[in-house]
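*Asks:* Please see the structure below; I have some questions.
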Amino acid sequence: MTRADRLLLLVAIIAISVFAFRTWQPSINADRVEIISPFEHKTVSLRQDKTLFVAGALGRSEIRIAQHRIRFIDSPCTTKFCVLQGWASHSGELRVCLPNKVSLRLLGSKSPFDSLTF
Amino acid sequence: MALVLQPGREDIRLAWLAALATSIHILESSLPTPLPGIKPGFANIITIIVLLRFGWRSAVWVSLLRVTAGSLLLGTFLSPTFMLSLTGALCSLSILGLACQLPGKGFSAIGLSILAALAHICGQFLLAYVWFIPHQGLWGLLPVLLSLALILGIMNGVICNKVIARLP
């Protein structure tokens with residue numbers, strides 16, 4: 001190994017460790033949810049508990065917001081995977097009903113990453 | 001009028017080396033992997049050895065011929081797999097080209113192999129992120145991929161050194 005090799009190895013180990021540390025920060029609680037369906041595209045706050053009905057490709061999906069969390073309660077799809085996925089509360093999480101084409105994307109006030117550079 | 005291409009000594013040598021790299025590439029593709037995108041990259045050993053013995057231009061030929069011929073034989077030519085493979089190869093070749101410009105003793109096979117492995121995975125990751133899965137969650141996987149690339153890069157570098165020591 002030459003001196004350049006050792007230096008490279010050191011820099012690579014440090015860079016990967018720092019990157020891993022920054023990427024794997026604990027996730028941030030979401031405060032908003034982006035709801036996307038073929039007919040609607042809106043952002044709803046998670047602060048207020050409520051039940052929403054969103055029109056999808058097959059029919060109405062029932063979505064419940066409670067205690068800063070969100071989940072599908074009912075859906076016209078046959079598999080009900082969206083309902084089985086349960087609650088989502090962290091920024092960046094997704095709940096999707098593919099057959100009904102309704103998706104929920106949780107947003108935090110802060111992005112889970114401060115910056116991403118190479 | 002028949003067009004006759006007369007291969008020179010250089011061309012024949014490149015063809016042999018590319019054939020060797022392609023064989024390794026194909027053998028390697030039959031190994032099971034724990035995660036998609038993780039591969040030992042043994043074919044890169046040939047690229048590094050060619051780079052050290054015959055220069056960067058030969059390494060580019062061998063590497064690109066390997067990616068093209070390998071994908072043709074595996075049936076992935078112009079598929080997403082091929083695109084990932086090609087992007088990785090182009091990224092690592094660019095980095096290797098720069099690394100060779102270093103004055104003094106510069107990098108040995110180990111350093112070059114680490115650089116190639118890291119550049120390879122970074123290029124592939126960016127392509128995958130931009131083209132296939134533009135989801136933030138993907139970034140969580142990158143440190144794992146980079147760590148593995150570093151370990152496999154060191155391993156390949158050590159193999160390179162052993163092979164070079166035995167070459168006439």
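The values are calculated or read from the model by the stated rules, or taken from the named source; none is laboratory data. Since we're looking at a predicted model, the values are computed, not measured. When we count neighbours, we look across all protein chains shown, and the Cβ atoms used for this are built from the backbone with ideal geometry, even at glycine. SASA here: full protein model, heavy atoms, side chains in, ligands and nucleic acids out. Shrake-Rupley method; radii C 1.70, N 1.55, O 1.52, S 1.80 Å.
*Asks:* Using θ = phi - 60° and the Karplus relation 6.51 cos²θ - 1.76 cosθ + 1.60, list the HN-Hα couplings for the stretch B:70-87 in order, rounded to whole Hz, with x at every Gly or Pro.
*Replies:* Computed from phi, the couplings for the stretch B:70-87 are x, 6, 5, 6, 8, x, 10, 4, 6, 8, x, 4, 5, 4, 4, 4, 5, 4 Hz.
*Asks:* OK, next. Given the options A:Ser37, A:Thr23, A:Gln67, identify the residue whose Cα lies farthest towards the positive end of the charge dipole of the stretch A:1-96 (+1 on Cβ of Lys, Arg; -1 on Cβ of Asp, Glu).
*Replies:* Working it through, the farthest residue towards the positive pole turns out to be A:Thr23.
*Asks:* Shifting gears a bit: Restricting to lysines 8 or more places apart or on different chains, can you count the pairs in the protein assembly as shown with Cα atoms under 30 Å from each other?
*Replies:* Going through the protein assembly as shown pair by pair, I get 12.
*Asks:* Let me ask something else. Using bins 5 angstrom wide from zero, how does P(r) for chain A break down, in % of all Cα pairs?
*Replies:* 2, 11, 18, 17, 12, 9, 7, 6, 5, 4, 4, 3, 1, 0
*Asks:* Any idea what the dipole of chain B comes to, in debye rounded to 20, about its Cα centre with Lys/Arg Cβ at +1 and Asp/Glu Cβ at -1?
*Replies:* Details: 9 positive and 3 negative charges, 81 e Å.
Approximately 380 debye in magnitude.
*Asks:* Related question: Quick check: with the 1.4 Å probe, what order do A:Glu34, B:Glu10 take by accessible area, largest first?
*Replies:* From most accessible down to least: B:Glu10, A:Glu34.
*Asks:* On a 0 to 90 degree scale, rounded to 10, what angle separates helix A:3-23 from the longest Cα axis of chain A?
*Replies:* 20
*Asks:* Normalised radius of gyration for the stretch A:1-54, please: alpha carbon Rg relative to 2.2 N^0.38 Å, two decimal places. Let's see the in-between values first.
*Replies:* Working: Rg = 22.4 Å, N = 54, 2.2 N^0.38 = 10.0 Å.
Relative to the 2.2 N^0.38 Å estimate, the stretch A:1-54 comes out at 2.23.
*Asks:* Using the basic label-point model (7 angstrom from Cα toward the beta carbon), what is the B:Glu28 to B:Leu141 distance in nanometres?
*Replies:* Spacing of the two 7 Å Cα→Cβ label points: 1.9 nm.
*Asks:* Under the rule of -39500 (n - 2.57) per DSSP H run of 4 or more residues, summed and divided by the residues of the protein assembly as shown, what mean residue ellipticity at 222 nm is obtained, to the nearest 500 deg cm²/dmol? Intermediate values should be presented prior to the final figure.
*Replies:* Working: 8 runs with 142 residues, N = 286.
It lands at -17000 deg cm²/dmol.
*Asks:* If we count trypsin sites (Lys or Arg not before Pro) as exposed when they sit in a DSSP loop and have at most 15 other beta carbons within 10 Å, what is the longest stretch of chain A that avoids them all?
*Replies:* Numbers: sites that count: A:Arg47, A:Lys80, A:Lys110.
Looking at chain A, A:1-46 is the longest stretch - no exposed trypsin sites (Lys or Arg not before Pro) with at most 15 other Cβ atoms within 10 Å.
*Asks:* Also, quick follow-up: Per residue of B:78-90, how many C-beta atoms from partner chains lie within 10 Å of its own C-beta, taken as a mean? Before the final figure, lay out the partial values.
*Replies:* Values: counts 0, 0, 0, 0, 0, 0, 0, 0, 0, 0, 0, 0, 0.
Per residue, the average neighbour count from other chains is 0.
*Asks:* With a probe of 1.4 Å, find how much accessible area the stretch A:32-107 has per residue, and write the answer as a whole number in Å². Intermediate values should be presented prior to the final figure.
*Replies:* On the way: 4070 Å² over 76 residues.
Heavy-atom SASA per residue in the stretch A:32-107 reads 54 Å².
*Asks:* Under 5 Å between amide hydrogens, which residues at least 5 positions from A:His90 or on another chain qualify, with H placed 1.01 Å from N in the peptide plane?
*Replies:* Counting only residues 5 or more places away or on other chains, the set is A:Ala30.
*Asks:* Further, regarding this structure: State, in square angstrom and to the nearest 100, the accessible area buried between chains A and B, both chains counted, probe radius 1.4 Å. Working shown, then result.
*Replies:* Numbers: alone 8030 and 10080 Å², together 16370 Å².
For chain A against chain B, roughly 1700 Å² becomes buried.
*Asks:* Could you sort A:Phe19, A:Phe53 by accessible area so the largest value comes first, with the probe set to 1.4 Å?
*Replies:* Working: A:Phe19 35, A:Phe53 95 Å².
Largest accessible area first, the residues go A:Phe53, A:Phe19.
*Asks:* Related question: Per residue in the stretch A:1-30, which ones lose no less than 40 Å² of accessible surface when going from chain alone to all protein chains (1.4 Å probe)?
*Replies:* Those are A:Met1, A:Thr2, A:Ala4, A:Asp5, A:Leu8, A:Leu9, A:Ile16, A:Phe19, A:Trp24, which lose 40 Å² or more relative to the chain on its own.
*Asks:* Once you sort the root eigenvalues of the Cα gyration tensor of the protein assembly as shown as a ≥ b ≥ c, which label holds: rounded (a/c under 1.5), prolate (a/b larger than b/c) or oblate (the other case)?
*Replies:* Details: a/c = 3.49, a/b = 2.05, b/c = 1.70.
Verdict is prolate for the protein assembly as shown.
*Asks:* For the protein assembly as shown, what % of the accessible area comes from carbon and sulfur atoms, probe 1.4 Å? Don't jump to the answer; show the numbers that get you there.
*Replies:* Details: 10740 of 16370 Å².
In the protein assembly as shown, the share of accessible area belonging to carbon and sulfur is 66 percent.
*Asks:* Hey, another quick one. Quick one: which bits of the stretch B:126-144 get at least 40 Å² less accessible when the partner protein chains are in, versus the chain alone, with a 1.4 Å probe?
*Replies:* B:His135, B:Gln136, B:Trp139, B:Pro143
*Asks:* Continuing with the same structure: Taking only protein heavy atoms and a 1.4 Å probe, what accessible area per residue, in Å², does chain B have with all protein chains in place? List each step's numbers first, then the result.
*Replies:* Values: 9260 Å² over 168 residues.
Per residue, chain B has an accessible area of 55 Å².
*Asks:* Taking the Cα centre of each part, how many Å lie between the stretch A:18-34 and the stretch A:91-110?
*Replies:* 15
*Asks:* Quick one: what does P(r) look like for the stretch B:36-154 with 5 Å bins over all Cα pairs, in whole %?
*Replies:* Distribution as computed: 2, 12, 22, 24, 19, 13, 6, 2, 0 percent.
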